[in-house]
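Read-outs throughout are calculated quantities, based only on the coordinates presented, and are distinct from any laboratory measurement. Just so it is clear, the model here is predicted, and its values are computed rather than measured. For neighbour counting, all protein chains shown are included, and Cβ atoms are generated from backbone atoms with ideal geometry for every residue, glycine included.
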Amino acid sequence: QQQAAPNAAEPRAPDGRRYLSQPLVTEIYTADPSAHVWGDGKLYVYGSHDIDGDAQEDDLGGHFEMRDYRILSMDKPGGPVTVHPVALDVDDVPWAEKQMWAPDAAYKDGTYYLYFPAKDRQGAFRIGVATSKSPVGPFKPNPQPIKGSFSIDPAVFTDDDGASYMYFGGIWGGQLQRNTTGTYDANGSKTDLEQPTQPALAPKIARLAPGMTEFAETPRDVQILDPQGKPILGGDTDRRFFEAAWMHKYNGQYYLSYSTGDTHYLVYATGTSPYGPFTYRGRILEPVNGWTSHHSIAQWDGKWWLFYHDVQLSGQTRLRNVKMTPLTHNPDGTIQTIDPFVP
Ligand code: FUB
């Protein structure tokens, strides 16, 4: 069989590999896509709006200097993508100083909620909430961060019974390791617990109060176990939680997925309750072109999709672009691992 001639214009990764999918938009840099389908059947992506700042790259993500949010929407898979105007700017958030990182959104009773992490003036990440009557904003922020919130990467999951839960947290620049006592410790470890043979730091979960703007309970740890039922350890960097928690429900099972950060995998663990415990099952996405990997999983138009990002457009860690690709659950409940490149 004859091979198609390679297309010189086709974008390739620096090592020559061809990309599995193309950026959803090219006019702005976008990352950390949290995808949702609300009542109108369109798909909305609530993500980070990456910008090119002055900060040097460092291990704590100081080079992610985002200041606002732009929401994307699509009417149908493969159709045109609309980039909506600024939905929320850091200058409109009284408590926030900088670094508007990965957000998420929820809908309840005619109101859309945007949840977002940002650093306060003490340099501590907190999680804020803003509301709008439109899925694309503009959003009006509450004057204070959510009481009891800390760290980054909020992901809000609403269960079939209407209860909503926020998963959140991230180590290293996400500061989970600096929030182990209930108070932010600016002098705490830069990375993690620094105890590789002890259970790794866990993502957090808190049920949201009916008004969706406060925690209904003190955040608790989400336990992630290996298939033998033992906690995943801090030194198990191919499987331990780093950041980017996401929850989806499939066939009555709860799927917690997350990024392993410095080993660059998106992985998942399953359980029978939104609180866990969750058992590690495998990888969803192999490493992309770029340091960070952050995703969401949503059902749309009768199919399941993975939303993720890489740095195809810029080649720079700080300037990412979101993508989407079909995701498949196997009959035994496992997820087929996706390679972000084609052979
Ligand atoms: O976009 C800034 C940070 O990078 C996110 O909060 C992390 O999940 C990582 O993608």
For the chain, modelled as a GNM with alpha-carbon contacts under 10 angstrom, which of 323, 133, 98 fluctuates the most? 133
What FRET efficiency would be calculated for the residue pair residue 325, residue 250, taking the C-beta separation as r and a Förster radius of 22 Å, to the nearest 0.05? 0.85
Enter the Cα centre distance for the pair region 301-343 and region 232-256, rounded to the nearest angstrom. 16
Relative contact order of region 209-306 (C-alpha contacts under 8 Å, at least 6 apart) in percent is 22
Treat each spin label as a single point 7 Å out from the Cα along the C-beta direction, and report the residue 214 to residue 18 distance in nm. 5.6
Additional length obtainable on full extension of the chain from residue 38 to residue 82, 0.36 nm per residue less Cα span: 14.2 nm
Between the alpha carbon centres of region 134-160 and region 91-119 the gap in Å comes to 5
What is the extension gain from residue 121 to residue 55, computed as 0.36 nm multiplied by their sequence separation minus the C-alpha to C-alpha distance, in nm to one decimal? 22.0 nm
Mind sorting 256, 233 by how few other Cβ atoms lie within 10 Å of their own Cβ, fewest first? 233, 256
